[in-house]
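The values are calculated or read from the model by the stated rules, or taken from the named source; none is laboratory data. The shown structure was predicted, so the numbers you read here are calculated from the model rather than taken from an experiment. With ideal geometry, Cβ positions are generated from the backbone for all residues, glycine too; neighbour counts draw on all protein chains shown.
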Amino acid sequence: MLPQRTPLSYISRNRFKGCEISPYMQGQVAIPSRYSLMPTFISRLINLPRSIVKYTLAQDELRDEGVSLLRKAKGKSYIIAEERKIIRHVRLNPKDIYKEVIKACQLEYKITTLKKILVKYRITNWRYRKRPELIEKHATQRRSKLYIIDRDFKSKKHGYSAELYLEVLEAEVKPIFEELDNNRLTRNWPPYSPDLNPIEHI
């Protein structure tokens with residue numbers, strides 16, 4: 001006996017084998033038909049719907065040792081050009097959500113169809129890596145004394161030359177480098193602060 005289903009619900013043609021009649025029941029349907037019994041009488045005899053009996057008899061000659069035939073797969077609801085359009089848009093706009101992608105590409109797909117296309121190209125959702133929060137307190141700690149540096153028009157590309165850099169080190173860092181050399185850090189640097197040591201250049 002087939003399992004009960006919800007009344008007025010859709011009967012899928014691509015059901016699992018567990019929902020189909022067994023090879024034994026297929027034989028129970030096929031054997032009486034060889035003795036010229038009508039499908040209506042067979043359905044009453046083995047307590048199966050008449051439509052299943054008629055379908056089983058129609059497919060009996062095509063089966064190999066009672067194994068159910070594979071149904072034809074459902075065709076794709078999109079074409080290759082639309083698939084390429086979706087992939088191109090997603091790679092150019094990786095932060096768009098599914099509804100925005102469907103609207104931008106002018107599609108009429110469901111979100112599940114869009115997900116299948118993206119998973120095919122290994123494009124999935126992932127959680128971003130959390131980073132330390134930069135608050136006003138950290139911004140205040142990062143502030144330092146401002147040194148006005150003029151451009152050197154004698155150097156290449158009119159940038160800051162090595163000679164001027166050495167002059168600043170001699171004037172500002174050399175008087176105190178002995179106290180700072182190999183000294184442990186006495187201050188907690190805020191997030192994203194560069195670890196620069198101008199002493200190494202002297």
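Here are the numbers for this structure:
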read-out: Residues of region 18-41 that turn out to be of a type in the set (A, V, I, L, M, F, W, C), at pLDDT 65 or above and not in a loop (DSSP other than H, G, I, E, B), as a count; value: 5
read-out: Residue that is farthest from the chain's Cα centre (by Cα) [pool: residues in region 52-68 that are loosely packed, with under 15 Cβ neighbours inside 10 Å and hydrophobic (A, V, I, L, M, F, W, C)]; value: Ala58
read-out: Helices (runs of 4 or more DSSP H) wholly inside region 107-168 containing at least 1 residues that are at pLDDT below 80; value: 136-142, 162-168
read-out: Looking only at region 74-87, and only at residues there that are touching a residue at least 24 places away in the same chain (Cβ under 8 Å) and part of a loop (DSSP other than H, G, I, E, B), the one that is surrounded by the fewest Cβ atoms within 10 Å (Cβ to Cβ); value: Lys74
read-out: Residues of region 101-115 satisfying the condition of being surrounded by 13 or more Cβ atoms within 10 Å (Cβ to Cβ) and either closer than 30 Å to Ser22 by Cα or out of contact with any His (no Cβ under 9 Å at 6 or more places or on another chain) (or both); value: Ile102, Leu107, Tyr109, Thr113, Leu114, Lys115
read-out: Selected residue [assigned to a helix (DSSP H, G or I) and either modelled with pLDDT of 85 or more or within 41 Å of the chain's Cα centre (by Cα) (or both)] from Arg71, Arg15, Arg44, Arg5; value: Arg44
read-out: Cβ-Cβ under 8 Å pairs, at least 6 apart or on other chains, region 115-138 side closer than 19 Å to Leu92 by Cβ, far side part of a loop (DSSP other than H, G, I, E, B); value: Ile117/Tyr78; Leu118/Thr124
